[in-house]
Structures are given as structure tokens and as C-alpha cells.
Amino acid sequence: MFARVLPDQAAGKILDYRVPEAMSSKIAVGSRVKIPVRTRLLAGTVIELLDACEFTSVKDITDLMDERPMIRPALLELAYWMADYYCCPLETAVCSVLPVAVRDGRVTAKKQNTVRLAREFTESELEKIAIRAPRQADALRVLIDAGKPLAVTKAANLSGVSEAVFRTLEKHGFVAIEASVVARNPHAEQYVSGAELTLNTEQEAAMKVVVEEMTNPSRPILLFGVTGSGKTEIYLRAIRHSLDAGKTALVLVPEIALTPQTVERFKSRFADIQDRIAVLHSHLSEGERHDEWHKIHTGHARVVIGARSSIFAPVENPGVIIIDEEHESSYKQDEAPRYNARDMAVLRASREKAAVILGSATPSLESWHNAQSGKYRLVRLNQRVDDKSMPVVRVVDLRRPARNDPGGGILSKPLREAIEGRIQKGEQTILFLNRRGFSTSMICEACGHVCECNNCSVSLTYHRAAERLVCHICGHNQRAPKSCPKCSDPRIRHAGTGTQKVEEALQRIFPKARIARMDADSMTRKEAYRETLGAFKEGRIDILVGTQMIAKGLHFPNVTLVGIVNADLGLHIPDFRAGERTFQLLTQVAGRAGRGEMEGEVYVQTFTPFSPSIQFARHHDFEGFMEQEMEFRRSFGYPPFGKMAMITLRGTMLERVEFSAITLSRKLKAAAPEGILVGEGVPAPLEKAKTYYRFQVSLRGSSSMRLARLARGVLDALPMPEDVFVAVDIDPLHLM
Ligand code: ADP
Ligand code: ZN
């Protein structure tokens, strides 16, 4: 027998090997093997088994790394599809369906000695032993009380004797000691069982559709329901339904929403099968990840909860795949393969005949479009379970304060007064700072005009050195204005300058308030996040300032005020999704206010109060926003109406990167078939990241697959300088 092997580091090569006799009964497609390649030993994946081989001198496979194939055929197929669609090397796609901890066999199962009684003991027998050897009797009693095998270390601890005593007992034939595999269980706490709630009418109707789809999957369900409308309850029921049908379930939530509270909510509902729930997230140690993965691989785990990469969890026979917050951009992987886990979920579900539920309070335009066209099945939950009204959203126009309230550009008078009021009443405030300090567009502080590209309707990027404004989608390029093109006011500048100073400003204005900040910088320690949230929950913090981290999923009944310090920061970035993201963010943040008994208020500070995403969010009008945003996307051919690919080049030598980008654009244009638009090679909005210069070339057309083929064809034939790195992003979510 021969095997066709894809080495992990193959540079596109696929190699044939002979399967040694001893391995032939265990090896299969999807097996991981060690193979000799020239002088090295490499890890690889078996992608095909062959009866004959056309080469005369093939080497033997050196080692078979697993007893049962690590990659199931269904997942191998997903990897093939991914390599093709997302334009990445096959070996990269194949590797990505295995966690690193499992892939190279570096981490292995943790073995430990467990001890169990070899036979039963009567009380009188124990008493006799106690006279002769009291410590042995103690040890036996611990095992009798436990009524199950115990880890030797644990049994020793419980009985207060040394482990040697158990060895002696073993010699007497009283107990048996065995090495067994134990799972490093990161969530070892016990959970009390959470009862099922009685569904309300809307949930009943939703559940009916879910059951229909699970019985006979036809199309994905888009579960559109405001925050607090009871979507999670639907997920829990769907999982139970799947388990009852003898199937498994896969739940994906965004990484930052994968908090202990979230996990607890699922684990407590399924307390009856607690150890059969696997949780995969980035805070696990390699060992824990290895164990959780194996729990799934061996079929022990029936429910998997995890972030993006869990879409490749090797659960067999899933009855339902759930993607919570389907609009979240963290479902998109930012290195090759640049897949979107939501889209992979739809693909995987259709291949494995599972139902798929995409849930969100603010569905993406892509999914909404699919629901409108009938490709997805729309299910709504219109009411909050508790019937609470949505908080009042107040838009603070920063344009006027800029004149009569110096310093008001950071914290306006209305917002300051609102915070003051909360402090006096002992209520809490969350201040939301959009993504730190990155801003490249120009905005007029007097009238709110933003410099945009006429062709593409995205903000132009300001390049300080050259004093120019550039569109990174089409390549349009103009002088940066000295005064506002609309109202001639000279106060035209970078959007968002000075927002980092919020904390300082807060301290100055509210010297007695207890203020804490929560962002990626201040939360580098694992426990810092938990500590700060704990302190906030207990009321030991008055004002919490933070980034995306605090935007979702947290329940704080005493928070009655949420402030968005600068909505323009996210709104005027050179990305056609800026409006959609701002709308989602405002909606989500608004959901943070007034979770308890008290009414909530949201303040949004902005220089562009007229922006549709702000106005629609203010009125909690999702569908109004969708309608208007769809129109914009349609007229510029943006997704979901057209497809896009972004090719980013980076390197340390500016001239080389620029030259490569220009050459690439030229070659792409020459090779592009009718209907594909190729942009110029221009600096990326994030022109310099770390020590790299970045340039981009955009591709647009009606089919992502065609864009990927064009990119692959041209890039394969175009040698790049060694120090210029190319990344192809199909269906990019971030254009920076
Ligand atoms: P979502 O996931 O849409 O934000 P949740 O499922 O978290 O909403 O529900 C919000 C709150 O309402 C939770 O505290 C949940 O326990 C509660 N809840 C959900 N469904 C019901 C129900 N049918 N009856 C009573 N409470 C419910
Ligand atoms: Zn343009």
C-alpha cells in the first residue's frame, strides 16, 4: 500500500510514500504521519491511499502519529474548499483544522495513577487491619467512602498517608493501581442544574422553526432578536433537541463573549452531561486544549462551545451548529486561511446535514440580504423577555461645543452633567472609547464634513508626509485641503485627535470618582479582566472606561449611563462597512444601559450627528438602517451585491513594497477578465504597522471564487522580492 502525503511545510508539494506492513491496518485518509523529506523528518497528513505507485523508489513512512485518523474526511473536504476559495496553500488550510497542540504531537495525554479497591472489605476486616496497620486502614476507608477509583495523589491527600502506603496495599492485593488518561479540566467546578424556562409566544414560534430545520435541514436560520429577547434560550433548547435525537451540537461565540458566565450558562443547563461538554478558547493551556480536543475526537464530548476555530471541532453527526453574534468580525481569521467561521458553518452544516442558527441583534448585511432573498430563513424575536423598553439615546452634537465649550471636544457639557448626576445617585457609568488612537481621515470640526472618495464613497486617507488624501480602494489621490471644502472653516483636521486623553480629563473633572480603564493594554493579565469586572459589579468603581471589551454580553444592573466618547472614530474610516459597524456598536452599547430596574440613557458624542448609522441607532431602527445601507452598497457594488478581495503587500523597504504593489496591479489588470475591477497599488490606510510598510491592491467582481483564481494565477507567475510578503484576503472584513 502507498500513501499520498501533504507535508505541513510543503510549499505546495504532495509526496508519495510506502506504507509499512505494521501500519497498514491503522492508516487512513486523515492520518497524521512523520515522513522523510531529503534529510529531514516532517509531519504531514495522508490525503489519499493508493494501491500502486508510479515511482520506483519511494521511501517508507517513518511514523504513524495517531491510532485513529486525526482529520475526519468531512473536515478534510472543508480544508480543500477553503484553500481554493480563500486562496491559500492547501497545507495551510489542512493544518488549520487541527489545533497546534494536537497537530505536531508535542503535547500528549496526561497520564496519572489511579487506585481502586481490588475487592470488598467488611467492617470487622477493616478493624483487624487497623490494629495491625492503621495507615493502611485509613487509606482503604478513603477508597470505600469515595466509592470510585481515585487518583493516587488525591487518595493520599484525603487519607493523610503517603503514596507508598497504597503501593503496600497493592502488594497485599487489596487495591489495584493503574495508569490512566485524565483530562485537564479547566472548568472543573460543579454546576447546579439550570432549569428550562417556559417559552414565551415568540420563542415558541421560533423553536417550532428550529425543530423543523433540525428534522429536515433546508436552509440556515437567521435568528434576529434584540439583546435580551431570549435567543440564548433558543440555543439551549436546540442543543437539547439535538442531544435527544442522539446527535451532537456545536456552538460558536465570539472570543470576547466566551466568558466564564457564558460557559456557565451552558454547562449548568446540561449539568447532567457536564463532562461531555467541551470548551475551546484561547485562554486554555496547550495541555488543556489538547485534552478538550481529544474529548471531542474520541466522541466523548457531545456539545462543543468555542470561538472561531471551533468550527473545525471534530464532532461527529452534529444536529445543530449555532453561531451567536453572527455579524461579529472576529469570526474572520486574520491570517491564512482567512476564513469566516460563519460562512464555514453554513457550508459544514449543509454537508453534514445539520441545522444552522445564525443569531444576532444586528445581523450583517450579508445575512440580512440572504434572509431577504429567501436563502436564509428569517426568525424574529421582537420583544425583550422582561418587556423593558430600550434606553433613550441622546446624540451630542460636538460641532457647537467646539466653539463655546473649550475642551468640550473630549467630554461635552451634557455628558459631564449626566456623569455627575450618576455619581451623586450612586449609579454607575460606562464610557466607551472606540478602538484606540487610529484615525486617518479628515473631518471639519465646524460643519462635520468628512473628505470622501467620489468613486467609492469611503473616507480618504490622509498621508501626512505627502500632504495628500488617497483612496485605497480605487487609488484616487488629491491634495489635502487647508480648510474645509464645504464651509471653508480652517478647523479641518484628523478625526479623533486627543481621545486618548479621556481618562485624564475624567480624573480632572471628577477628582473624587473611582475610575477604571479596561482595554487590551491594561488587561494583559488573565485575572485583571475578572478583577476589574468584579470590582465594578460590586460597586467599587463609578466609571468604567473601555474599548470593545466592555461592549457586549455583560450584565450590570446598576449601570444607567453609557457614553460613546467619539462615534466618529469608527464611523469615518476608509471602509465601506464603517457605517454598519458603528450601527452595531451603538446598538450593542445601548443594550448595556438599563439592564436592571432603572431606566438607561446613552450619550453619543459626534461631529457628524446627521450620519445615518447614528440616527437609525438612536431610534433603534435596524430595518430602516438596513434599507438605507443596502441602497448604498448596491449603488457602489459593495458586498453583499458585489464581491471583494484585498491584496496587501508588506515589507521593510518602502520602495520595494510600492514597486511590487504597482507591478502587481498592472499584471492583475492585464489578466483580469471582463467584469473584474482592479484597483491601483496604493498605500494602505494603516500605512506603517510595526516596522512594515503596507500597500494594497483591491479586486472587485461578482464572484469571490473568480477573484481568488485571478489573484492566484497572477501571484504564482509573479516573483516577489524576498522581503515583500503578500496576503490575499477574500471577502475581507477589514480593509485597513
Ligand atoms: P439574548 O440571548 O437574546 O440576549 P437571553 O437568552 O440572554 O437573550 O435572555 C435574556 C434574559 O431573559 C435571560 O436572563 C434569560 O434567562 C431570560 N429569559 C429568556 N427566555 C425566558 C423565558 N421564556 N422566560 C423567562 N425568562 C427568560
Ligand atoms: Zn475611491
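The values are calculated or read from the model by the stated rules, or taken from the named source; none is laboratory data. Values in this document were obtained by computation on a predicted structure and should not be read as measured data. Glycine gets a Cβ as well: all are built from the backbone with ideal geometry, and neighbour counts include every protein chain shown. The protein model used for the area step is the full one, side chains on, heavy atoms only, and it has no ligands, DNA or RNA in it. Shrake-Rupley method; radii C 1.70, N 1.55, O 1.52, S 1.80 Å.
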Within region 53-142, helices (runs of 4 or more DSSP H) holding 2 or more residues that are of a type outside the set (A, V, I, L, M), over 29 Å from His283 (Cβ atoms) and not assigned by TED's automatic domain parsing to the domain that holds Asn157: 73-85
On the given criteria, is Cys456 away from ligand 2 (no atom under 16 Å from the Cβ) and closer than 30 Å to Arg634 by Cα? no
Sort out which residues of region 146-192 are modelled with pLDDT under 85, polar (S, T, N, Q) and assigned to a loop (DSSP other than H, G, I, E, B), and write them in order of number. Asn185, Gln190
Suppose we filter Pro673, Pro721 for residues that are open to solvent by less than 80 Å² (accessible area, probe 1.4 Å) and touching a Leu at 6+ places or on another chain (Cβ under 9 Å); which single one remains? Pro673
Are any of the residues in region 201-224 part of a helix (DSSP H, G or I), buried (at least 19 other Cβ atoms within 10 Å of the Cβ), modelled with pLDDT under 90 and among the polar types (S, T, N, Q)? no
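A quick yes/no check of all residues on (1) charged (D, E, K, R); (2) modelled with pLDDT under 95; (3) in contact with a Cys (Cβ under 8 Å, 6 or more places away or on another chain); (4) farther than 27 Å from Tyr462 by Cβ:
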| residue | (1), (2), (3), (4) |
| --- | --- |
| Ala670 | no, no, no, yes |
| Glu687 | yes, yes, no, no |
| Lys690 | yes, yes, no, no |
| Arg694 | yes, yes, no, no |
| Arg706 | yes, no, no, yes |
| Val726 | no, no, no, no |
Of the residues in region 457-471, those that are assigned to a loop (DSSP other than H, G, I, E, B) and among the charged types (D, E, K, R) number 2
Kindly check whether there is at least one residue in region 323-335 that is within 20 Å of Met70 (Cα to Cα) and either surrounded by 22 or more Cβ atoms within 10 Å (Cβ to Cβ) or assigned by TED's automatic domain parsing to the domain that holds Gln628 (or both). no
Test for Val94: is it aliphatic (A, V, I, L, M) and open to solvent by 50 Å² or more (accessible area, probe 1.4 Å): no
Taking the criterion of being in a helix (DSSP H, G or I), within 20 Å of Pro673 (Cα to Cα) and acidic (Asp, Glu), would at least one residue in region 716-731 satisfy it? yes
Return yes or no: is Thr232 at pLDDT 85 or above, assigned to a loop (DSSP other than H, G, I, E, B), away from ligand 2 (no atom under 16 Å from the Cβ) and open to solvent by 20 Å² or more (accessible area, probe 1.4 Å)? no
If you take the residues of region 46-61 that are surrounded by 15 or more Cβ atoms within 10 Å (Cβ to Cβ) and touching a Pro at 6+ places or on another chain (Cβ under 8 Å), which of them is farthest from Asp8 (Cα to Cα)? Ile61
Quick one: what pairs do we get from region 528-541, first residue free of Cβ contacts under 8 Å to residues at least 12 places away in the same chain and part of a helix (DSSP H, G or I), second open to solvent by 30 Å² or more (accessible area, probe 1.4 Å) and of a type in the set (S, T, N, Q), C-beta under 8 Å, 6+ apart or different chains? Ala528/Ser522
Could you please let me know if Ala257 is touching a residue at least 40 places away in the same chain (Cβ under 8 Å) and surrounded by 22 or more Cβ atoms within 10 Å (Cβ to Cβ)? no
I'd like to verify a number: residues in region 260-297 that are open to solvent by 30 Å² or more (accessible area, probe 1.4 Å) and among the aliphatic types (A, V, I, L, M), how many? 1
Going through region 236-254 in order, the residues found to be in contact (Cβ under 8 Å) with a residue 12 or more places away in the chain, in a helix (DSSP H, G or I) and surrounded by fewer than 24 Cβ atoms within 10 Å (Cβ to Cβ) are Leu236, Arg237, Arg240, His241, Leu243
Given the condition in a helix (DSSP H, G or I), at negative phi, among the polar types (S, T, N, Q) and not assigned by TED's automatic domain parsing to the domain that holds Arg338, answer yes or no: does some residue in region 694-701 qualify? no
